[in-house]
Amino acid sequence: MKKAIVKDSEYIIKKGRILHAKQLTSLERFYEIILPDGESLKHEPGQFVQVSLFGVGEAPISISSSPTKYGSFDLVVRTVGRFTSVLNRLKPGDEVGIRGPFGRGFPVRVLEGNDILFVAGGIGIVPLRSLINYVIDNRRDFGKVSILFGCKTPGDILFSEEFDEWGRRLDLEFECTVDKGDPDWKGNVGLITGLIPEVSLVPSKTFAIVCGPPVMYRFVIAELLKKQIPERHIFLSLENHMKCGLGKCGHCQINDFYCCKDGPVFSYDEIKNKKEAY
Amino acid sequence: MPEMQHVILKKEKFDYFIKSLARQSRLIAPVSRGHNSFSFQEVHDSRDIALKYIPTILPPKKYFMPQQETFLEYDKTAGENMQGIIEYDDYILFGVHTCDLAGIQALNVVFRDPPKDINYLYKKNHIRIIGLECNDYCDAHASCALMKNHLPMGGYDLFFTDLGGYYFVHINTDSGEKIIEHSGCFDRAETSHHKQLQELRDKKKEIFTKEVDIDYSDISSLFERAYDCRVWEELGEKCLACGNCTNVCPTCYCFDIVDEVNLDLTTGRRYRVWDSCQSEPFARIAGQENLRENRSERQRHRFYRKFSYQVEKYFRYFCTGCGRCSRTCMAGIDLKETLKAIIGEVGSN
């Protein structure tokens with residue numbers, strides 16, 4: 001067998017260096033990463049990267065920062081398996097491999113000029129944060145912006161400092177709810193679907209951006225449709241186990257869609273008839 | 001018609017030709033493995049080659065997309081350092097049937113679709129292909145006439161047809177012509193040879209008739225109606241989820257990516273390895289979710305990748321009609337019978 005060395009293989013990684021790391025909850029860990037020479041990742045909100053540790057493997061991770069943040073990018077990793085257990089032990093200064101960005105992100109140019117309703121459940125806030133911060137950094141290019149967030153308990157809130165900031169801003173409407181409160185919790189208690197009927201919106205100029213666990217989608221979409229938001233105005237980010245990120249390996253295939261290439265962001269209109277989607 | 005495109009090889013010169021191929025490159029051809037099974041293997045002599053063979057255990061895809069294929073070598077001594085590599089060899093594949101040529105053509109489209117897979121494309125460019133026509137059916141598992149793959153449709157450098165005392169040869173590419181020139185044992189094809197080829201092709205029209213009662217162009221619309229068929233439950237009850245069907249399929253290309261650490265614990269390789277959508281963990285995602293938890297869903301997925309999903313993406317059927325999946329299935333799941341069952345449930349058009 002002969003061997004050729006290649007520089008333009010899609011599997012080649014870039015070296016990312018961890019600038020900051022912070023444990024957000026018992027399971028989720030935040031990383032700020034820089035590429036060599038401060039090279040920009042050039043991503044769109046909603047895209048993902050493959051994070052690699054040689055000898056352990058690779059996993060697809062949502063990019064959590066807006067492309068308006070230059071010089072570095074943010075990831076949030078939940079410990080769910082072997083790879084993420086190793087990854088979530090890293091410290092500032094450590095290196096990881098980065099491939100990407102991959103996939104079709106949120107349709108930012110379609111959204112411009114319109115009202116946006118964000119609906120995030122649990123760690124669904126991680127990919128949505130890339131778009132929320134993008135909208136905040138370009139605030140006058142968008143109409144009314146509402147953010148609804150729900151999670152299981154107050155301890156599961158990932159970005160509490162940013163949430164406080166969003167709550168203080170006059171140009172955002174921010175609502176947060178937990179399924180189960182604790183003695184210190186003064187906010188809403190109940191499912192996120194309970195917040196949707198309260199939102200006042202103009203359906204024809206509102207786009208809903210939804211991300212959360214698969215079980216949440218069915219109920220949230222039903223509420224959004226009740227508010228007369230058109231199916232083409234509802235965008236979802238689907239979670240899946242992309243392995244190659246290139247539309248080849250087959251692992252993230254949902255009926256005829258490859259989540260890594262055709263998604264991870266889809267309009268409800270595109271996936272409502274895909275039986276494997278959610 | 002420019003006569004340079006067609007030549008003949010007299011059978012007494014066949015051994016000489018094979019030896020000349022083996023001198024030019026590593027030569028791969030079908031070889032008997034006993035018990036009516038065959039495999040593509042390296043040969044040096046025409047006596048090693050099984051000229052009458054049913055589809056090999058594994059299709060020739062193993063040379064284009066090997067079971068294991070390294071694409072990175074890494075060294076963690078000073079951080080996450082690596083280099084991209086391609087492992088390849090120069091091959092001539094001799095005796096590839098038209099069903100398998102169609103399989104290679106399907107894979108070419110997949111791996112050429114952006115983002116391009118340079119590991120595949122580089123390998124492919126180091127392989128020359130000599131096709132071999134089937135004058136009759138290999139066995140009853142084949143459905144090549146239904147899939148319109150019983151006649152040559154390109155995808156080869158040279159194409160051989162056995163016409164008794166000689167092979168009629170179509171030269172399809174410049175590298176095919178170089179093989180002919182290099183061996184120096186071919187003769188001009190005369191009008192009588194062309195006539196004999198036409199006679200065989202006419203005879204094949206009688207022999208090869210669509211094996212399932214549905215038109216080629218109606219198959220993808222059949223699958224538009226087949227999603228909720230009972231037959232998927234029946235397949236799910238039989239299926240052992242062994243993955244044989246996907247491993248032997250000439251157009252299955254799903255893979256997993258795996259790291260292998262050397263004993264020094266700092267160097268190693270990252271490679272792809274064939275994977276199967278029939279295995280339970282294949283579509284498992286973080287948490288407890290699984291997109292296709294049941295065997296019936298996974299069998300349906302396999303059939304839809306052959307007749308529907310990839311067809312929309314790449315404008316071609318991903319079933320070549322080779323019959324390998326039916327031949328190899330331990331549970332007796334049969335592709336033609338499955339198509340018939342779907343037609344029985346939802347009609348052929």
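List of remarks:
- When the alpha carbon gyration tensor of the stretch B:51-129 is reduced to an equivalent ellipsoid, its three semi-axes come out at 30, 14, 10 angstrom, largest first.
- Chain A, relative contact order in percent, only Cα pairs under 8 angstrom and at least six apart counted: 17 percent
- Length, then width, then depth: along the principal axes, the Cα atoms of the stretch A:108-271 run 48, 35, 31 Å.
- Taken one residue at a time, the phi angles of the stretch A:262-278 give Karplus couplings (6.51, -1.76, 1.60, θ = phi - 60°) of 7, x, x, 8, 10, 7, 4, 3, 6, 10, 4, 9, 8, 6, 8, 5, 7 Hz. Gly and Pro are set to x.
- Only lysines eight or more places from B:Lys19 in sequence, or on another chain, were considered; those with a Cα closer than 30 Å are A:Lys2, A:Lys3, B:Lys10, B:Lys11, B:Lys52, B:Lys61, B:Lys62, B:Lys123, B:Lys124, B:Lys178, B:Lys195.
- Orientation-averaged projection of chain A equals 15.9 nm² [convex hull of Cα atoms, one quarter of hull surface area].
- Three-way shape call for the protein assembly as shown based on the alpha-carbon gyration tensor, with the a/c threshold at 1.5: prolate
- Excluding exposed DSSP-loop GluC sites (Glu not before Pro) (at most 15 other C-beta within 10 Å), longest clean stretch of chain B: B:1-189
- Bridge orientation summary for the protein assembly as shown: considering DSSP beta bridges with both residues in this region, about 70 percent are antiparallel.
- DSSP beta bridges fully contained in chain A are about 55 percent antiparallel.
- Annotation for A:Lys274 and B:Asp136: the two label points, set 7 Å from Cα along the Cα-Cβ direction, are 4.8 nm apart.
- Cα shape, chain B, gyration tensor, a/c 1.5 rule: oblate
- Candidates B:Val261, B:Val110, B:Val231, ranked by Gaussian network fluctuation over chain B, Cα under 10 Å, top entry: B:Val261
- Relative contact order of chain B, pairs being alpha-carbon contacts under 8 Å that are 6 or more residues apart, as %: 21 percent
- Integer Hz, Karplus 6.51/-1.76/1.60 couplings in order for the stretch B:237-252, x for Gly and Pro: 6, 7, 4, 9, 6, 7, x, 4, 4, 7, 5, 8, 6, x, 10, 7
- Amide H partners (placed H, <5 Å) of B:Ile129, local residues excluded: B:Leu93, B:Asp157, B:Leu158
- Each DSSP beta bridge with both residues in the stretch B:3-207 is either parallel or antiparallel, and the antiparallel ones are about 65%.
- In order along the stretch B:212-220, the phi-based Karplus estimate (6.51 cos²θ - 1.76 cosθ + 1.60, θ = phi - 60°) of 3J(HN,Hα) comes to 10, 7, 8, 7, 3, 6, 9, 5, 5 Hz; Gly and Pro are listed as x.
- Global form of the stretch A:1-85, assessed from the alpha-carbon gyration tensor, a/c cut-off 1.5: oblate
- Here r is the Cβ-Cβ distance between B:Glu237 and A:Ala222 and R0 is 35 Å; the resulting FRET efficiency, rounded to 0.05, is 0.55.
- Spatial offset of the stretch B:281-349 relative to the stretch B:21-77 amounts to 27 Å, using the alpha carbon center of each.
- Convex hull volume per residue, computed on the Cα atoms of the stretch B:307-349, equals 92 Å³.
- With Cα atoms, 0 to 90° folded angle of helix A:125-137 axis to chain A main axis: 70 degrees
- Per residue, the average separation of C-alpha pairs within less than 8 Å and at least 6 apart gives the stretch A:14-102 a relative contact order of 39 percent.
- Unsatisfied cross-links (Cα-Cα over 28 Å) in the set A:Lys14/A:Lys272; A:Lys15/A:Lys274; A:Lys227/A:Lys272: A:Lys14/A:Lys272; A:Lys15/A:Lys274
- The slack between B:Asn36 and B:Glu312, meaning 0.36 nm per residue of separation minus the straight C-alpha distance, is 95.7 nm.
- Value of D in µm² per second that Stokes-Einstein yields for the stretch B:3-207, Kirkwood Rh from Cα pairs, at 10 °C (1.306 mPa s): 87 µm²/s
- Cleavage-rule hits, trypsin sites (Lys or Arg not before Pro), the stretch A:74-144, DSSP coil, Cβ neighbours within 10 Å at most 14: A:Arg89
- Spatial separation of Cα centroids for the stretch A:132-156 and the stretch A:163-206, in angstrom: 10 Å
- Alpha-carbon Debye profile of the stretch B:180-251, log10 I(q)/I(0) at 0.21 Å⁻¹: -1.11
- One Cα centroid belongs to the stretch B:248-280, the other to the stretch B:130-203; the line between them spans 36 Å.
Quick note: the coordinates plus some simple rules give every number you see, no bench work behind them. All figures in this text were calculated on a predicted structure; none of them were measured in a lab. Don't worry about glycine lacking a Cβ; one is built from the backbone with ideal geometry, like all the others, and counts go over all protein chains shown.
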